[in-house]
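Asker: Pasting a structure here, questions to come.
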Amino acid sequence: MRYDMDSALSAVRHNYSPGGVDEITLTMAAIDSQFARYDPEISRLQSILADLHEKRARLQLYKECCSSILSPVRKLPPEVLQNVFLACRSPEPNVIPVVGQVCRHWRDLVEGTPQLWSNISIGRTRFGFHQHYLNLVALFLKRSANRPLSLTIRQPADGRLVGLVSRHANRWDTLRLSSTDKAFYTSFGLNGRFLPMLEKLEILETATESPEEPIKILHHASNLRHVVLKNALEFWDLPWSQLTRLQYDVHATIDAVHVLRLCPRLEECAFDKLQVMADPDDPAILTLRPLRNLRSLRLAVDTANHTQSAEAIMHTFLTALTAPSLTSLTIIGQWTPADLSDFLAQSQCQLAHLTLGPGYMKDDKVIDVLQILPSLSSLVLDADIGTTRQLQNRVITDKLLRRLIFYPDSDSVLPSLTSFSLKTSINFEHQVLLDVIESRWVPWVTELYGVTVSRISVVDLEFLGKKEKLDPESVAVLRDLAVAGLRLSLQQGPEKISMLTESDP
């Protein structure tokens, strides 16, 4: 049967109405008969096409499986994969490792790596009791096997959860406690409990009121060495004499001094948020013994809230302390060159790292100290004191930076410097900063003149305030140094500047 499609379309467009309908009706019936012939054939061909698509998809999956079998990652020994998983694990507690969802082999490795299940937290985030949460904690305890546990307990914590983790107290390695209620710290029986593996205690919140007598805890934790504290000293009764690491948010300087007397074995010590000065004639200060094991010390005045002279607070420590083994010193707050120089002289220590933070320092002060530290290899200068007073603090100027440029027969300081970090508003010529870095990166001084100077390897720059951007030419020079191998980072205000060139991958 033949059809004249053009005539049909023309009739439709011109509102044609035939006199008789029999012929058209017969034509439509003939078309339906043709549909009856075509439809089965179309279905047959569609079935063949679907079958071909399915077979192709199976072949594609088979090829991907073959490619996966050839993947180099399959050749990694299980212990290497476990180390990779450990390096990628979340620092947050109660996180089931997602790498276990990749394949059965990886899941078996994850489930058989106890370290991945050893960070547990209970309380606060779950204000009511949930059986699923109890099951999750039980799962972590089971899969952590006999590994040391890092445990966080936040108030409020359901008694059933506390009881569950308490049955594994012999495995507690790190204990973090968080509450503003003083009674919380005595509710677990921590003083009478035997904790043979506990090495670190961390207090996360400050209590709202002090107890009638010091809270005595952890006197049966023979391996306790590291403590992070808040609250006044009268709040705590700890096994002080066995501590080697202490971080203490303490307002009263005299409390910090008493802690130093109680902890003769300290190797690392940080006092933050100091606000209240002490009487320099207090016997506790005058009779403070040398801290012969102390290697790292941080003294930080609360620059936003201190009510008394920051210089006087620093004076108390710098005149009373003697630390002959000290290699790292951080000072946040105002200080005098005389006090710091006297401290270094009386300690007779060889500082390798020095951080000078905000505190209305002037370049003359910094230079006076740096020139007596030839062994210093790492220097951090942080002149950021907040947005309201940035222009008052012009510590980092040309005068200071020029003393860091190293060339023969100069009065340069710090010949052993290998790491330099600078955080400030730009109150200096850009080229002077470049000269500091290039003079210590390119070894021409040593090669030509035989002058001994260490090669700088790390430079961290952060500029902020109203003057926070280097010119494009200076940024290009820094980028070239980074490409040449210098580990260099640059941040201008909120923007992190890439040190990669366009040709780098």
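The values are calculated or read from the model by the stated rules, or taken from the named source; none is laboratory data. Everything numeric here is computed off the predicted structure, so don't read it as measured data. Cβ coordinates were reconstructed from backbone atoms using ideal geometry, including for glycine residues, and neighbour counts include every protein chain displayed.
Asker: From the list Ala270, Ala284, which residue is among the small types (Gly, Ala, Ser) and closer than 18 Å to Leu340 by Cβ?
Answerer: Answer to the selection: Ala270.
Asker: Here is a further query. Among the listed residues Tyr248, Tyr185, identify the single one that is part of a helix (DSSP H, G or I) and touching a strand residue (DSSP E or B) at 6+ places or on another chain (Cβ under 9 Å).
Answerer: Tyr185
Asker: Criterion first (farther than 28 Å from Leu175 by Cβ, surrounded by 13 or more Cβ atoms within 10 Å (Cβ to Cβ) and not hydrophobic (A, V, I, L, M, F, W, C)) does Arg107 satisfy it?
Answerer: Yes; evaluated as a whole, the condition is true for this residue.
Asker: Another question, then. Only residues that are part of a helix (DSSP H, G or I) and modelled with pLDDT under 75: list them for region 13-28, please.
Answerer: Asp22, Glu23
Asker: Out of Leu414, Leu404, Leu434, report the one residue that is at positive phi, of a type outside the set (D, E, K, R), crowded, with 17+ Cβ neighbours inside 10 Å and at pLDDT 90 or above.
Answerer: Leu414
Asker: When residues of region 456-487 are filtered for being part of a loop (DSSP other than H, G, I, E, B) and of a type in the set (S, T, N, Q), how many remain?
Answerer: 1
Asker: Can you say whether Val73 is under 30 Å from Arg171 (Cβ atoms), hydrophobic (A, V, I, L, M, F, W, C), part of a helix (DSSP H, G or I) and out of contact with any Ser or Thr (no Cβ under 9 Å at 6 or more places or on another chain), as far as the supplied structure shows?
Answerer: So Val73 fails the test.
Asker: Does at least one position in region 253-275 carry a residue that is without any contact (Cβ under 8 Å) to a residue 40 or more places away in the chain, in a loop (DSSP other than H, G, I, E, B) and more than 30 Å from Leu190 (Cβ to Cβ)?
Answerer: No, the conditions are met nowhere in region 253-275.
Asker: When both residues are 6+ apart or on different chains and their Cβ atoms are under 6 Å apart, which pairs have a first residue that lies in region 395-407 and is under 17 Å from Leu464 (Cβ atoms), and a second that is at pLDDT below 90 and of a type in the set (Val, Ile, Thr)?
Answerer: The qualifying pairs are Ile396/Thr424.
Asker: What number of residues within region 358-379 are more than 22 Å from Ser412 (Cβ to Cβ) and out of contact with any Gly (no Cβ under 7 Å at 6 or more places or on another chain)?
Answerer: Result for region 358-379: 2.
Asker: So in region 346-381, with the set limited to residues that are among the polar types (S, T, N, Q) and assigned to a loop (DSSP other than H, G, I, E, B), which one is surrounded by the most Cβ atoms within 10 Å (Cβ to Cβ)?
Answerer: Ser377
Asker: Give just the number: which of (1) farther than 30 Å from Tyr133 by Cβ; (2) in a helix (DSSP H, G or I); (3) without any contact (Cβ under 8 Å) to a residue 12 or more places away in the chain; (4) not aliphatic (A, V, I, L, M) does Gln34 not satisfy?
Answerer: If we test Gln34 against (1) farther than 30 Å from Tyr133 by Cβ; (2) in a helix (DSSP H, G or I); (3) without any contact (Cβ under 8 Å) to a residue 12 or more places away in the chain; (4) not aliphatic (A, V, I, L, M), just (3) comes out false.
Asker: Right, here's the next one. Assess whether Ala304 counts as being out of contact with any helix residue (DSSP H, G or I) (no Cβ under 6 Å at 6 or more places or on another chain) and either crowded, with 20+ Cβ neighbours inside 10 Å or modelled with pLDDT of 90 or more (or both).
Answerer: So Ala304 does not fit the description; no.
Asker: Related question: Name the residues in region 286-299 that are outside any loop (DSSP other than H, G, I, E, B) and crowded, with 20+ Cβ neighbours inside 10 Å, would you?
Answerer: Across region 286-299, the qualifying residues are Leu297, Leu299.
Asker: Right, another one. Picking from Glu54, Glu41, which residue would you name as being loosely packed, with under 10 Cβ neighbours inside 10 Å and either modelled with pLDDT of 85 or more or aliphatic (A, V, I, L, M) (or both)?
Answerer: Glu41
Asker: Shifting gears a bit: Which condition number does His130 fail, the rest of (1) modelled with pLDDT of 90 or more; (2) farther than 19 Å from Leu86 by Cβ; (3) surrounded by fewer than 19 Cβ atoms within 10 Å (Cβ to Cβ) being met?
Answerer: The number of the failed condition is (1).
Asker: Give Pro97, Pro93 a once-over and let me know the one that is at negative phi, surrounded by 10 or more Cβ atoms within 10 Å (Cβ to Cβ) and touching a strand residue (DSSP E or B) at 6+ places or on another chain (Cβ under 6 Å).
Answerer: Pro93
Asker: Out of the residues in region 307-333 meeting the condition of being in contact with a Phe, Trp or Tyr (Cβ under 7 Å, 6 or more places away or on another chain) and surrounded by 21 or more Cβ atoms within 10 Å (Cβ to Cβ), tell me which one is nearest to Ala278 (Cα to Cα).
Answerer: Met314
Asker: Hey, another quick one. Residues in region 194-211: is at least one over 17 Å from Thr152 (Cα atoms), among the hydroxyl-bearing types (Ser, Thr, Tyr) and in contact with a Ser or Thr (Cβ under 9 Å, 6 or more places away or on another chain)?
Answerer: Within region 194-211, one or more residues are over 17 Å from Thr152 (Cα atoms), among the hydroxyl-bearing types (Ser, Thr, Tyr) and in contact with a Ser or Thr (Cβ under 9 Å, 6 or more places away or on another chain).
Asker: Within the bounds of region 271-285, is there any residue that is of a type in the set (A, V, I, L, M), surrounded by 16 or more Cβ atoms within 10 Å (Cβ to Cβ), closer than 19 Å to Ile332 by Cβ and at pLDDT 95 or above?
Answerer: Within region 271-285 (the criterion being of a type in the set (A, V, I, L, M), surrounded by 16 or more Cβ atoms within 10 Å (Cβ to Cβ), closer than 19 Å to Ile332 by Cβ and at pLDDT 95 or above), the answer is no, since none of the residues qualifies.
Asker: Further question: Hey, among Leu190, Leu161, Leu151, which residue is at negative phi, crowded, with 17+ Cβ neighbours inside 10 Å and in a loop (DSSP other than H, G, I, E, B)?
Answerer: Going through Leu190, Leu161, Leu151 in turn, the sole match is Leu190.
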